[in-house]
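Below: the structure, in structure tokens.
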Ligand code: PHB
């Protein structure tokens, strides 16, 4: 072999070694809101990750797993892209995960192919994210998926006219479109549709529009956090409830961590969602115990923790399939069709969309024997896929 060929072979071996180390550490970069108004949602990401690692170990096939958290307090696509880039280039993560808000997920997807890195979304819930890159897998829900069963439920409960009020961005528009489609297919009528800027926090003008619309019910979506608490409080406190105007929403609006602040005013609120902390199964019992410990008490526990818990399950399966080598497409292919029992119930990753198929439950806020309010599951819509809406 000539000197030049020898050198090439040596560089090749070195490069191969750097991507196929055996007793190595695999880094996973998690982006989420760990500070600011949505910090509890990020804390729930972390609780889900920690619960998974506490119950399943901190290594896969001899590869140690190291999780690196990066804080993205609010929807900010530029910052999201910069954080993802930094995690890949500087921190050398092999997997990206987390991401609470849709615009932040949209900003990361164009990087994935060049970075040879899969992104496992723990929350961001707009249908079209999945079409942006073949290297995205999602373990949360879409607002179209959680909302669709509600259209028929509303009609069955005698609701004929609805006004919709949603945050004016991806998951809000998807929720509005999916609700209207399902509700009108079942014979209902959407009489008015309001889209609220994402930073709205004074909801009294919206409540006035709801009242003026003469609708039987308001259907609403806002991203879970201080915004949803403010909206539901406004509904409870401006007399709409007393006036008999019903409330319909996906479960983002009654997340368990908001229920103490809503008090008895929340009783009877109807929502559809993929996960309730009260879900009755052995898997959920184990999860709640571990995740409540990680988040600092069961009253702080909410749905982003289950998206993160199952997201880590998917990442562990990817690491197992690639034996620690960085091969994003092989990792993603390995989880297509993967099925398991999540704390939320039976789930699987759809091989075509790479989005999670799951049960959607109708829930009602009820009071438990301990005097605390909770989301009580009262009906199950099994194996719901994402309806797959186009880019809003
Ligand atoms: C999103 O931005 O996709 C999002 C955020 C919070 C939610 C649901 C969806 O509760």
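Quick look at the numbers
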| quantity | calculated |
| --- | --- |
| Top of 74, 261, 321 by mean-square fluctuation, Gaussian network on the chain, Cα under 10 Å | 261 |
| Euclidean distance of C-alpha centroids, region 319-392 and region 122-179, integer Å | 14 |
| Alpha carbon convex hull of region 272-352, projected area averaged over orientations, nm² | 6.3 |
| Simple label model, 7 Å out from Cα along Cβ direction - residue 86 to residue 156, nm | 4.9 |
| Share, in percent, of DSSP beta bridges within region 193-346 that are antiparallel, nearest 5 | 25 |
| Difference of contour (0.36 nm per residue) and Cα-Cα distance, residue 202 to residue 71 | 44.5 nm |
| Centre separation in Å (Cα based) which lies between region 41-116 and region 206-254 | 33 |
| Highest-fluctuation residue, 143, 25, 228 considered, GNM on the chain with Cα pairs under 10 Å | 25 |
| With Cα atoms, 0 to 90° folded angle of helix 226-237 axis to the chain main axis | 10 |
| Contact order relative to length of region 141-206, as percent, for alpha carbon pairs under 8 angstrom and 6 or more apart | 40 |
| Length gained when the stretch residue 168-residue 25 is fully extended (0.36 nm per residue, less Cα-Cα span) | 47.3 nm |
| Degrees separating the helix 3-19 axis from the principal Cα axis of the chain, which is the longest one | 30 |
| Label-to-label distance, nm, for residues given as residue 330 and residue 193 (7 Å Cα→Cβ offset) | 4.5 |
| DSSP-defined beta bridges in the chain - what % are antiparallel, rounded to 5 | 35 |
| Theoretical FRET efficiency, 1/(1+(r/R0)^6), r = Cβ-Cβ of residue 39 and residue 267, R0 25 Å, to 0.05 | 0.35 |
| For region 55-207, fraction of C-alpha pairs farther apart than 28 Å, in % | 36 |
| Selected from 366, 220, 165 as most flexible by GNM, with the chain as the system and alpha-carbon contacts under 10 Å | 366 |
| Principal axis dimensions, largest first and in whole angstrom, of the chain by Cα | 87, 41, 35 |
| Principal axis dimensions, largest first and in whole angstrom, of region 199-309 by Cα | 47, 26, 22 |
| Helix axis angle, 77-89 relative to the chain longest principal axis, alpha carbon, degrees | 30 |
| Fully extended contour minus Cα-Cα distance, from residue 341 to residue 281, at 0.36 nm per residue | 20.6 nm |
| Footprinting exposure proxy for 351, 342, 193, 80 (fewest neighbouring C-beta atoms within 10 Å first) | 351, 193, 80, 342 |
| FRET efficiency estimate (nearest 0.05) - Cβ-Cβ, residue 299 to residue 383, R0 22 angstrom | 0.10 |
| Ranked 53, 106, criterion: other C-beta atoms within 10 Å, fewest first | 53, 106 |
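Where a number appears in this text, it was derived from the coordinates with a stated rule and is not lab data. What you see is a predicted model, and the numbers here were worked out from it, not measured in a lab. For neighbour counting, all protein chains shown are included, and Cβ atoms are generated from backbone atoms with ideal geometry for every residue, glycine included.
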